[in-house]
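Here's the structure we're looking at; comments come further down.
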Amino acid sequence: MKSPQIKTALPGPRAKQLIKLDKSFVSPSYTRVYPLVVEKAKGLWVHDVDGNIFLDFTAGIATNSTGHCHPRVVKAIKSQADRLLHMSGTDFYYTPQIILAEKLATMAPGRSAKRVYFGNSGAEAVEAAFKLARWNTKRELNIAFFGAFHGRTMGALSLTASKTVQKKNYNPLVPGITHIPYAYCYRCAYNLTYPKCNLYCVRWVEDTLFRTTVPAEEVGAIFVEPIQGEGGYIVPPPGFHKELYKIAKKYGILYVADEVQSGMGRTGKMFAMEHFGVTPDIMALAKGIASGLPLGAMIARAKIMNWEAGSHASTFGGNPLSCQAAMATIELLENNMMKNAEKQGNRLLKGLNKLQKTYECMGDVRGKGLMVAVELVKDRETKEPATTWRNRIIKETFEKGLLVLGCGENSIRFSPSLSVKPGEVDTCLSIFEDALKKVAA
Ligand SMILES: Cc1ncc(COP(=O)(O)O)c(C=O)c1O
């Protein structure tokens, strides 16, 4: 089995030079957690500019769904590149966009007819969902969740409630959004325990929020991640979405699922909401949809997507190369990668659960498919977040040739490509344990 190869001090000499240059010319708003300068990548293996080889359990923030440069995806892009690079789906028709829209509309859960809007990113997909919900309902209020990440454009940012640094100095944002606690059972906002709580967090919406500050009949949409991503890979308990959806329907509120991170097979089902038995009215997709090419999609019931020509569009959205990459990606996911995500996700969870028995600092291990996280705590009883330990573990694993990222305040996420092999899962677990040992000591 292949293993990481670290041949230089990190960063190596070439990486050092490039990072120096980056510091002069690239926006300082990016959040690089370790000095990795990527040269090329294949499958789960990333080569840096100094010849070091890393095992990638980030998939470029859960985006290289089929593995880096999957030959089938590369072939689809190359052959499209010879025919047509751009024409703009806003003003013209072209085959890849139409074919992909048909595929996505028929793949999306629920029997009713759907239509698809294309953008270039997750934020654009959410932004489009936000605007469509407003257009369709004409209602000015919306509900979103603490811990949610929906993107950084002004509308999507207004729905986001992940970290204040993302919002600082950008106020005023879009008004009318109320953030409420997510079903984060490990740290329940109401200090209750599932299932004894009887989903108090959902009942609270109707019993308290709608009775006191937010008139239900003025709420256009509830924006929710089926599994919270940047917030900490938080899997809500069974019944959470179903009960919340029921309330939404009772008051004519649209249920908008942000599947940007959780969708496209990552959790072992094409869309994470399928685990919870809810068919959303609107769905936002991006990240894994085109294996790394920029593409965002917003899918809605045809009856809801009733906006008029000119009401929303994007020059590059649904670019032919991205659409071909998405068609190839979906074929690979449907063939066996989605099944593999479930299988290898279980292997990873089992391995982490085993480590949790030894390492006290692993407060919580959670996830679905290949959307898996470990929450680090200083003490299992008090659950005091161990953010500095989390950061040190991520740096340690990098030094040992494993790439992972953080999420939430004190969690580490494992979001490899859906093509990950059992041996790669085992290598990840073994490097992660080495890093844990070092930090725990
Ligand atoms: C759930 C979710 N929605 C939206 C976004 C924004 O996507 P993008 O960075 O492509 O704009 C992200 C990005 O992490 C996300 O995780």
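Readers should treat all values here as calculations from the given coordinates under stated rules, not as data from a laboratory. What you are looking at is a predicted structure, and each value in this text was computed from that prediction instead of being measured. Virtual Cβ from ideal backbone geometry, glycine too; neighbours counted across all protein chains shown.
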Estimated inter-spin distance, ARG203 and ASN191, nm [label 7 Å along Cα→Cβ]: 1.8 nm
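Find out how many positive minus negative residues lie around SER158, taking Lys and Arg as positive, Asp and Glu as negative, among other residues whose Cβ is under 13 Å from that of SER158.
My count for the surroundings of SER158 gives +2.
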Rounded to whole Hz, the Karplus (6.51, -1.76, 1.60) HN-Hα couplings of region 237-245, x for glycine and proline: x, x, x, 4, 5, 4, 5, 5, 4
Sparsely packed trypsin sites (Lys or Arg not before Pro) within region 1-46, loop by DSSP, other Cβ within 10 Å at most 11: LYS7, ARG32
Loop chymotrypsin sites (Phe, Trp or Tyr not before Pro), region 33-129 (other Cβ atoms within 10 Å of the site Cβ: 10 or fewer; DSSP): PHE92, TYR93
FRET efficiency, 1/(1 + (r/R0)^6) with R0 22 Å, evaluated for ASN335 and VAL38 via beta carbons: 0.20
Loop-located trypsin sites (Lys or Arg not before Pro) in region 145-175 whose Cβ has at most 10 other Cβ within 10 Å (DSSP): LYS168
More than 20 Å apart - percent of Cα-Cα pairs taken over region 1-157: 70 percent
Base-10 log of normalised Debye intensity for the chain (one unit scatterer per alpha-carbon) at q = 0.11 Å⁻¹: -0.87
Relative intensity, log₁₀ I(q)/I(0), of region 318-441 from a Debye sum that treats every alpha carbon as a point, q = 0.14, 0.18, 0.21, 0.23 Å⁻¹: -0.62, -0.91, -1.13, -1.30
Computed lengthening from LYS7 to THR31, 0.36 nm per intervening residue step minus Cα-Cα distance: 6.1 nm
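With a/c under 1.5 counting as rounded, go ahead and sort region 7-62 into rounded, prolate or oblate using the C-alpha gyration tensor (a ≥ b ≥ c being the square roots of the eigenvalues; past the cut-off, prolate if a/b is larger than b/c, else oblate). Write down the numbers at each step before the final one.
Values: a/c = 2.27, a/b = 1.26, b/c = 1.80.
It is oblate, given that a/c is not under 1.5 and a/b is not larger than b/c.
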Protection proxy ranking of 341-353, 298-310 - average other beta-carbon atoms within 10 Å, highest first: 341-353, 298-310
Rounded Å value of the spacing that divides the Cα centres of region 12-32 and region 209-238: 38 Å
Residue-count net charge about GLU396 - beta-carbon cut-off 9 Å; Lys, Arg +1, Asp, Glu -1: +2
Cα-based reach from LYS23 at 21 Å (exclusive), listing lysines while leaving out same-chain residues under 8 positions away: LYS395
Relative intensity, log₁₀ I(q)/I(0), of region 155-263 from a Debye sum that treats every alpha carbon as a point, q = 0.14, 0.22, 0.23 Å⁻¹: -0.60, -1.46, -1.53
